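Colleague: Below: one structure in structure tokens.
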Amino acid sequence: MTTPELSNSQRLGAAAKSLQVRQGRAALLLWVSGDGPGPAWPALRFADALSSDVSQGMRVLRLLLALPGIGPVKARRMLLRAGIDPSRTVRRLGANQRAALLDEVAKYK
């Protein structure tokens, strides 16, 4: 199977759309990592990020790593306790997995 030939305008349109998606994800990660008024702030921002359209194609692990104070080891342990594969995307999370993950994030201080 060969890739379809694209015109220059199609190629430029795809590049612009790709750039817009990357910029949206970067802005979301920056927003999630920001400080807030209280200790529950990271959990609230994480919950909002899970429901965002921008995050749907992102890996859950990457979103967890954006939270302040959570590194690779802590993030993987949280996913393990929630029963979520680290390669899972936000879109592919079930309702029970989302709830378990939000509980794990809420426990984090």
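Colleague: Take L67 and decide whether it is part of a helix (DSSP H, G or I) and among the aliphatic types (A, V, I, L, M).
Modeller: For L67, the condition - part of a helix (DSSP H, G or I) and among the aliphatic types (A, V, I, L, M) - is not met.
Colleague: Scan the range 55-71 and give yes if some residue there is farther than 22 Å from Q23 by Cα, in contact with a Phe, Trp or Tyr (Cβ under 9 Å, 6 or more places away or on another chain) and either basic (K, R) or modelled with pLDDT under 95 (or both), otherwise no.
Modeller: yes
Colleague: Consider L67 carefully, then state whether it is closer than 17 Å to Y108 by Cβ and not basic (K, R).
Modeller: Values: closer than 17 Å to Y108 by Cβ: yes; not basic (K, R): yes.
Considered against the rule, which asks whether it is closer than 17 Å to Y108 by Cβ and not basic (K, R), L67 comes out as yes.
Colleague: While we're on this one: Specify which of the listed residues (R76, R59) is touching a residue at least 12 places away in the same chain (Cβ under 8 Å), surrounded by 13 or more Cβ atoms within 10 Å (Cβ to Cβ) and within 18 Å of L28 (Cβ to Cβ).
Modeller: R59
Colleague: Taking the range 1-28, which residues are in a loop (DSSP other than H, G, I, E, B) and small (G, A, S)?
Modeller: S7
Colleague: Looking at (1) in contact with a Lys or Arg (Cβ under 7 Å, 6 or more places away or on another chain); (2) not in a helix (DSSP H, G or I); (3) not β-branched (V, I, T), which is the one condition that is false for D35?
Modeller: Exception for D35: condition (1).
The values are calculated or read from the model by the stated rules, or taken from the named source; none is laboratory data. Predicted model only: the values in this text are computed from it and were never measured. Glycine also receives a Cβ, built like all others from the backbone with ideal geometry; neighbour counts cover every protein chain displayed.
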